[in-house]
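In what follows, a single structure is set out as structure tokens and then discussed.
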Amino acid sequence: MKTVTLDVADRKAVTRRALDALKGRRQGARISFASPELLFSVLTIKRWELVRALTGAGPVSMREAARRAGRDVKAVHGDIHALLNAGILRRTEDGRVEFPFKAVHVDFMLHAA
């Protein structure tokens, strides 16, 4: 199963993973955010629903993404662009969008202030 991990990581951790990958150590698919606040501002409830609707669906048109999410095309359009800009969704050569994973794992820890 192709799984992506969404996590909160500082630049040092991301750099370390990149260097390990260059040395041939498998890292797995990962999308990192600088803070929990950034993760939650990008992945709003409606965008989570959209990601869930597209998980395992393969490439779809924007209209099909809206249909799967049970939402208006215009509203989904804005969310798709936000998720494309964040690197969560990808655009295919024929203009469709996809979330190329079958599962999502979210990993972060909150520490005391």
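The values are calculated or read from the model by the stated rules, or taken from the named source; none is laboratory data. Note that this is a predicted model, so its numbers are computed, not measured. All Cβ positions, even for glycine, are placed from backbone atoms using ideal geometry, and neighbour counts span all protein chains on display.
A few remarks follow.
- In the stretch 34-56, residue nearest to residue 110 (Cα to Cα) [restricted to those that are among the polar types (S, T, N, Q) and not in a helix (DSSP H, G or I)]: 35
- Taking the stretch 57-70 as the range and being of a type outside the set (Asp, Glu) and either surrounded by fewer than 17 Cβ atoms within 10 Å (Cβ to Cβ) or in a helix (DSSP H, G or I) (or both) as the test, the residues that pass are 57, 58, 61, 62, 63, 65, 66, 67, 68, 69, 70.
- Leading residue by the ranking (surrounded by the most Cβ atoms within 10 Å (Cβ to Cβ)) among those in the stretch 1-26 that are touching a residue at least 24 places away in the same chain (Cβ under 8 Å) and of a type in the set (S, T, N, Q): 5
- Residue check, residue 113 more than 16 Å from the chain's Cα centre (by Cα), closer than 24 Å to residue 39 by Cβ and not hydroxyl-bearing (Ser, Thr, Tyr): yes
- The residues of the stretch 2-26 that are more than 18 Å from the chain's Cα centre (by Cα) and hydroxyl-bearing (Ser, Thr, Tyr) amount to a single one, 15.
- Conditions (1) modelled with pLDDT under 90; (2) within 29 Å of residue 113 (Cβ to Cβ): number failed by residue 23: (2)
- Residue in the stretch 27-56 that is farthest from the chain's Cα centre (by Cα), counting only those that are surrounded by fewer than 17 Cβ atoms within 10 Å (Cβ to Cβ) and of a type in the set (Phe, Trp, Tyr): 40
- The criterion of being touching a helix residue (DSSP H, G or I) at 6+ places or on another chain (Cβ under 6 Å), within 20 Å of residue 31 (Cβ to Cβ) and free of Cβ contacts under 8 Å to residues at least 24 places away in the same chain holds for residue 53.
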